[in-house]
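Note sheet for the following structure.
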Amino acid sequence: MKFNLKLKSHLGLVISLFVMFCLATTTLNAQNIKNEEIASNSEKDSKDKKKRRRSKKSKLPDIDLSHWKVTLPITNDKGKPHEIEPPEILDFASNEIAKPYMYIDSTKGAIVFHAMPTDSKTKNTKYTRSELREQMVPGENNVNWTFDDGAYMRGLIEMDEVTKDDNGKYHRVIIMQIHGRLTNAQRDMIGEDDNNAPPILKIYWDKGKIRVKTKELKNLSAIEPEILHEDAWDDDEGFNFEQEVGFRKFELEVKVSQGKMVIILNRNEYKVYESIHMHKWGVFENYFKAGNYFQTRDEGAYAKVRFYELEVSH
């Protein structure tokens with residue numbers, strides 16, 4: 001009887017130890033599984049973070065260049081400003097000629113237009129540019145629009161870098177334009193050798209502010225052919241928006257309709273041109289320009305302008 005009690009006691013102890021061992025093993029296995037899951041999740045999180053960092057570091061600008069050509073501050077083999085038209089411009093980021101003057105800043109998600117004084121000057125100007133020219137038909141300059149047709153351009157822009165003159169003032173840069181153009185018939189009518197007409201709109205980054213210049217007709221009674229000559233038009237006194245944009249992003253919109261032109265800064269400041277000058281301007285064809293038209297010949301000067309977004313519609 002005492003032997004049976006001892007045996008039962010030993011069996012009970014063995015069973016208890018076995019149960020405790022099983023529980024400990026189960027707990028250990030569960031902990032190992034949990035540790036493996038934590039390690040796996042940690043590794044996954046690390047990969048996700050790296051992926052997000054890569055994604056955050058690499059951004060592309062929201063700009064379709066299929067209806068633009070670019071003029072660069074470098075000469076071609078004929079000694080004229082180098083231009084890249086569609087479809088070649090779509091691959092500008094891989095173009096060795098374009099790379100120093102028009103390139104993607106993938107950390108910002110912008111196209112940078114870089115210009116400095118060089119021998120690459122277009123006719124009737126002493127300044128150089130890294131600037132886009134609208135082409136309604138890709139590769140074709142002879143198809144343009146009038147104020148009666150209507151037009152709209154919007155850009156999200158930021159001054160990246162710009163040098164100062166001897167007086168410590170920042171050099172000026174034209175960042176948007178509407179340029180006039182003579183039709184072939186108008187060109188022949190006034191005996192010109194090209195289709196160039198004055199720009200009806202120039203928008204400057206001027207010492208951290210946005211300045212607008214337009215044209216005014218000297219003789220308000222003028223009609224064709226007098227009105228077609230460049231010297232029939234004069235510069236207006238200009239207009240400065242109140243807001244200082246400095247080196248921050250800003251949005252510019254240009255809206256054109258019959259006899260009217262509206263420039264909007266950051267959707268809260270407006271400049272409206274609606275006068276006889278705008279109505280008379282309806283005789284010309286036009287095209288948009290955007291980028292970096294650098295306004296100095298100072299030695300060692302340069303400017304870099306970022307375009308995050310650029311869109312045009314008609």
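The values are calculated or read from the model by the stated rules, or taken from the named source; none is laboratory data. If you're wondering where the values come from, they're calculated on a predicted model, not measured in any experiment. Note: ideal-geometry Cβ built from the backbone for every residue, glycine included; neighbour counts use all protein chains shown. Heads up: the accessible areas ignore ligands, DNA and RNA and are worked out on the full protein's heavy atoms, side chains in. Shrake-Rupley method; radii C 1.70, N 1.55, O 1.52, S 1.80 Å.
Computed over the Cα atoms of the stretch 252-308, the ratio of the radius of gyration to the Kirkwood radius (Rg/Rh) comes to 1.09.
Using the structure shown, list the pairs from 99/304; 69/126; 207/260; 164/209 with a Cα-Cα distance above 18 Å, or answer none. Where the Cα-Cα span goes over 18 Å, the pairs concerned are 69/126; 207/260. Fully extending the segment from residue 88 to residue 62, taken as 0.36 nm per residue of separation minus the present Cα-Cα distance, adds 7.6 nm. Remark on residue 292: its backbone amide H falls under 5 Å from those of 130, 131, 132, a criterion applied only to residues 5 or more positions apart or on other chains, H modelled at 1.01 Å from N. Evaluate the stretch 155-217: find the radius of gyration of its Cα atoms, find its Kirkwood radius, and give the ratio Rg to Rh. Radius of gyration relative to Kirkwood radius: 1.15.
The order of 90, 156, 60, 228 by accessible area, most exposed first and with a 1.4 Å probe, is 60, 90, 156, 228. Taking a Cβ cut-off of under 10 Å around residue 85, the surrounding Lys, Arg, Asp and Glu residues balance to a net charge of -1, with basic ones at +1 and acidic ones at -1. Excluding residue 155 itself, calculate the net charge of residues whose Cβ lies under 9 Å from the Cβ of residue 155, where each Lys or Arg counts +1 and each Asp or Glu counts -1. After counting each charged neighbour, the total is -3.
Mind running the shape call on the stretch 61-182? Use the C-alpha gyration tensor, a ≥ b ≥ c as the square roots of the eigenvalues: rounded below 1.5 for a/c, prolate if a/b tops b/c, oblate otherwise. Because its axes are fairly even, with a/c under 1.5, the stretch 61-182 counts as rounded.
Amide H contacts under 5 Å for residue 206: 211, restricted to partners 5 or more places along the chain or on a different chain, H placed in the peptide plane at 1.01 Å from N. Summing charges over neighbours of residue 182, with a neighbour being any other residue whose Cβ is under 10 Å away from its Cβ, gives -3 when K and R count +1 and D and E count -1.
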